[in-house]
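What follows is a single structure, written as structure tokens, with notes after it.
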């Protein structure tokens, strides 16, 4: 994902800034914590969008340059992939639409097949998902209700913007160091005005769109939602500083800064892991989910001599167990059929059997499984993880084991 994102950012930068400046920006972006494993313990669709959204912007710039049918189709596919990855891609797609309407050359763009092909392909690709949403009562967007606050939530917006601009400071400071001493020169090359305008518009919508919507709807912004929203900021900043001379020496220095930064991270990672484990051993990163998955799979095989097919439970516990189990079972998440449409509920659970998993103190989860199948076998397990001469607090799980029906 990081590779696709960085390559796409380079191609965008090449069109907006030129090759040398684009290269400098890419090596500066290697200092951006989201590209160097800061979220490796929490890989999710926000990280995937961090790859697909830059790719979509690049496809849009290509379509603007030559608005052919083929480029319109690839743009439509990229846009659909972004939206199906994370609904927040709508901000980026809105920014692209706004740019298409506002920038110079829009008449040429809209008198060629590219925009219409993109719209048709995007709409066609989204039809199955929209039908699924309608069928399931738009269940996947209901979780937003839990983030709606009935008070002014400006603090979450300020925190959201401050943290992500703080993360961007790594690459902006790195670029400033690489360019030192700063040299001002007379701009002689033709400025790519249209491309610069597109990047600025899209970057503004991606950065400030969620903040404006959050304030208008009283949604408490979560920091992780912005992981894929700020990638265009360094390009936008660089595009407004054409008078700063970028030499080959500056690019080479940026490479060395990135190398030193990455090696420092590699050397510091074990120390950080030890310190974090010592301070918060019960943190989710270190909870023994992989050991739990191995034991649950072993219990199932001992009883039924077949691979484990389904794990059911709250998403927080079911997802790591499904991931780490050597049988890679399907997941029935949060007791909601709409969240697991690949499972024919309840027939498939009864036919294939399942292991229901609850945290030991989750009374609602245990009550759900007891009502669903009173005859299931009940097992309690407790596991610990040992590392750095320390141990995690016991992870206590309650299991409901129901075997397959012949």
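What follows draws every value from the coordinates through simple rules; no lab data is involved. Every value quoted in this text rests on a predicted model; they were computed, and no experiment measured them. Virtual Cβ from ideal backbone geometry, glycine too; neighbours counted across all protein chains shown.
Can you give the convex hull volume of the alpha carbon atoms of the range 157-293 per residue, in Å³? Walk me through the intermediate numbers first.
Details: hull volume 25.1 nm³, N = 137.
Expressed per residue, the convex hull around the Cα atoms of the range 157-293 is 184 Å³.
For the chain, modelled as a Gaussian network with Cα springs under 10 Å, which listed residue fluctuates most, 100, 376, 125?
376
What's the center-to-center distance, using Cα atoms, between the range 363-382 and the range 329-350 in Å?
First find each Cα centre; the distance between them is then 16 Å.
For the range 262-302, what is the convex hull (Cα atoms) projected area averaged across all directions, in square nanometres?
4.0 nm²
Taking only Cα atoms, what is the 0 to 90° angle, nearest 10, from helix 2-16's long axis to the longest principal axis of the chain?
Result, in degrees: 20.
Diagonalise the Cα gyration tensor of the chain and give the resulting equivalent ellipsoid semi-axes, square root of 5 times each eigenvalue, largest first, whole Å. Write down the numbers at each step before the final one.
Working: eigenvalues 400, 157, 67 Å².
Values for the chain, descending: 45, 28, 18 Å.
Per q in 0.13, 0.20 1/Å, what log10 I(q)/I(0) does a Debye calculation on the alpha-carbon atoms of the range 284-402 return?
-0.47, -1.10
I need the calculated FRET efficiency for the pair residue 339 and residue 271, taking r as the beta carbon distance and R₀ as 45 Å, to the nearest 0.05.
So, using R0 = 45 Å, E works out to roughly 0.70.
What is the spin-label model distance, in nm, from residue 129 to residue 248 if the labels are put 7 Å beyond Cα along the C-beta direction?
A separation of 4.6 nm, rounded to one decimal place.
For the chain, what does the helix formula give at 222 nm: sum of -39500 (n - 2.57) over DSSP H segments with n ≥ 4, over the residue count, nearest 500 deg cm²/dmol?
Computed mean residue ellipticity for the chain: -19000 deg cm²/dmol.
Working from the pairwise distances between different alpha carbons, so that the mean of 1/r is found and then inverted, what is the range 192-250's Kirkwood radius in Å?
13.3 Å
Computed on alpha carbon atoms, what radius of gyration and Dmax characterise the range 58-109, expressed in Å?
11.1, 31
Could you work out how far apart the two model spin labels at residue 216 and residue 260 are, taking each label as a point 7 Å from the Cα in the direction of the beta carbon, and quote it in nm?
Here the answer is 4.6 nm between the modelled labels.
Dividing the alpha-carbon radius of gyration of the range 1-132 by 2.2 N^0.38 Å (N being the number of residues), what value is obtained?
Cα Rg divided by the expected 2.2 N^0.38 Å: 1.10.
What order, most packed first, do the peptides 398-406, 306-314 have when packing is the mean number of other Cβ atoms within 10 Å of each residue?
306-314, 398-406
Between residue 295 and residue 102, what FRET efficiency follows from the Cβ-Cβ distance if R0 is 41 Å, with the result rounded to 0.05?
Efficiency, from the Cβ-Cβ distance: 0.10.
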